[in-house]
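Asker: To start, I am sharing the structure in question, which I have written as structure tokens.
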Amino acid sequence: MSEQSKPNQRVMNIILVLVGLACGGVGAGFTYFAYTYSQTVIATNGIVTQQFIENEHHDNRRYNLVISFSDQQGDLHTGQVSMTSQDYDLPVGTEIDILYDPDILNGLNGLSQIKLDTWFEVWGIGFIFSMVGIFTIVVLILAYRDKKLRAHSSSA
């Protein structure tokens with residue numbers, strides 16, 4: 001290995017470690033928020049009242065939903081799903097499982113922020129960031145270990 005590439009490799013390793021730690025930290029943060037969210041929300045059924053397309057691209061349409069639901073006291077509310085997805089191509093009138101926070105029923109626009117009651121909607125972002133962070137760190141550890149084993153076997 002040339003003298004020029006050793007510092008470049010060291011800088012790249014440091015950057016990858018920082019990226020791995022950052023992704024792991026972000027994932028842990030999102031997972032913590034998902035956990036606290038899951039402890040306060042209430043699951044109920046809602047009915048799709050509106051569906052609109054967020055992105056008009058031909059092959060990549062992303063849908064958003066407005067859903068009507070009743071809270072624990074039986075009061076009717078309207079909420080907008082917090083994420084858009086290609087999977088939300090649901091016709092008006094479809095009954096769907098949702099989660100809502102009873103402490104924050106009405107947002108700034110009069111619509112409640114709700115989530116569909118799916119694993120990915122609640123836990124997905126935290127899981128993805130955590131896995132990227134863990135994968136990055138594991139790959140770096142294995143590469144470092146392999147480099148040490150090669151250096152040890154070549155000196156023997």
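The values are calculated or read from the model by the stated rules, or taken from the named source; none is laboratory data. Predicted model only: the values in this text are computed from it and were never measured. Heads up, the Cβs are rebuilt from the backbone with ideal geometry, glycines too, and the neighbour counts pull from every protein chain shown.
Asker: Just to verify a result, which residue in the stretch 117-156, among those that are of a type in the set (S, T, N, Q) and either within 24 Å of the chain's Cα centre (by Cα) or on the phi > 0 side of the Ramachandran plot (or both), is modelled with the highest pLDDT?
Answerer: Per the stated criteria, the residue is SER130.
Asker: So which residues in the stretch 133-156 are in contact with a helix residue (DSSP H, G or I) (Cβ under 6 Å, 6 or more places away or on another chain) and of a type in the set (D, E, K, R), if there are any at all?
Answerer: Going through the stretch 133-156, the residues in contact with a helix residue (DSSP H, G or I) (Cβ under 6 Å, 6 or more places away or on another chain) turn out to be 133, 136-137, 140.
Within the stretch 133-156, none qualify.
Asker: Where residues in the stretch 15-60 are closer than 17 Å to GLY124 by Cα and of a type in the set (S, T, N, Q), which of them is surrounded by the most Cβ atoms within 10 Å (Cβ to Cβ)?
Answerer: THR31
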